[in-house]
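First comes the structure, then the notes that go with it.
Just so it is clear, none of the values below were taken in a lab; they were calculated from the coordinates. All values reported here derive from a predicted model rather than from experimental measurement. Cβ atoms come from the backbone with ideal geometry, glycine included; neighbour counts cover every protein chain shown.
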Amino acid sequence: MTRAQTGHTAPFVTFEGIEGSGKTTQIRRLSAHLAAKGVLHLVTREPGGTPLSDEIRALVLVPREETVFPETELLLYEAARAQHVRGLILPSLLSGRAVLCDRFCDATTAYQAHARGLDASLVERLNRFAAGGLVPGLTLLFDLPPEEGFARVKGRGVTKDRLERESLGFHRAVREGYLRLAVREPGRVVRIDAAAPEEEVFGSVLRTVAQRFGW
Ligand code: TMP
């Protein structure tokens, strides 16, 4: 479903990047900016956003002894998404409230297809199925070398989740997957240099959303 097909008028913006790319901080800052301007919006994240999707988030991210197979992981992310889109994102967009979402289908393409090696066309079909065809109007890709992302995650001092415990090689593949998406869909995916100072990164975010949506 494109914007025209769903009939919604509010912007749907997604934020993507490797661990430690600073996207969550940038969403928070953009949300404060929009609130100050009186722009109605909702901030949400994947996996998560509804009670059931949040339960799936906990299931998929907790480190565990048992091997979690890539196929299982993929289906859990898609199940969380199917619920999130229908239960929260679409109702919000249809009521005219913009949605800022921390990760969406591109994360599945970068992590489960590119880094885990699952079939890319299958992942694309499942993404479309789970999202009901909903495509973001704009995706901000916060790009930085995984070495730097790792250092930032370590600096947070919190216990790493199951995906954060993956190797540097895995996160390099995730980054490459994202960069390929930016090349493939330049009209939707905008790469932002996330290695720059936070203030500068936020300046790029503001310029981009002002240009697209007049925010
Ligand atoms: P977060 O740390 O940005 O909240 O994201 C949760 C983790 O889940 C992160 O390591 C990326 C991963 N992820 C996937 O592997 N596939 C997906 O489809 C999504 C949405 C997230």
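As a rough footprinting exposure proxy, the listed residues VAL183, VAL123 were ranked by other beta carbons within 10 Å of their own, and the order from fewest upward is VAL183, VAL123. When DSSP beta bridges are restricted to pairs lying wholly in the stretch 3-213, around 0% turn out antiparallel. Of the residues ALA151, ALA173, ALA120, the one that moves most in a GNM of the chain with alpha-carbon contacts below 10 Å is ALA151. Residue order for PHE69, PHE15, PHE213, fewest other beta carbons within 10 angstrom first, comes to PHE69, PHE213, PHE15.
Using a cutoff of 8 angstrom between alpha carbon atoms and counting only pairs six or more residues apart, the relative contact order for the stretch 64-157 works out to 31 percent. Using Cβ point charges alone (K and R +1, D and E -1), the dipole size of the stretch 3-213 about the Cα centre works out to roughly 640 debye. Of the residues PRO136, LEU163, ALA80, the one whose Cα sits farthest towards the positive end of the charge dipole of the chain is PRO136 (charges of +1 on Lys and Arg Cβ, -1 on Asp and Glu Cβ, taken about the Cα centre).
Listed from fewest to most Cβ neighbours within 10 Å, the set GLU198, GLU66 follows the order GLU66, GLU198. What 222 nm value per residue comes from the helices of the chain, counting each DSSP H run with n ≥ 4 as -39,500 (n - 2.57) and dividing by all residues, nearest 500 deg cm²/dmol? Helix contribution divided over all residues of the chain: -15500 deg cm²/dmol. For the stretch 56-215, the extents of the C-alpha atoms along the principal axes are 48, 36, 29 Å, listed from largest to smallest.
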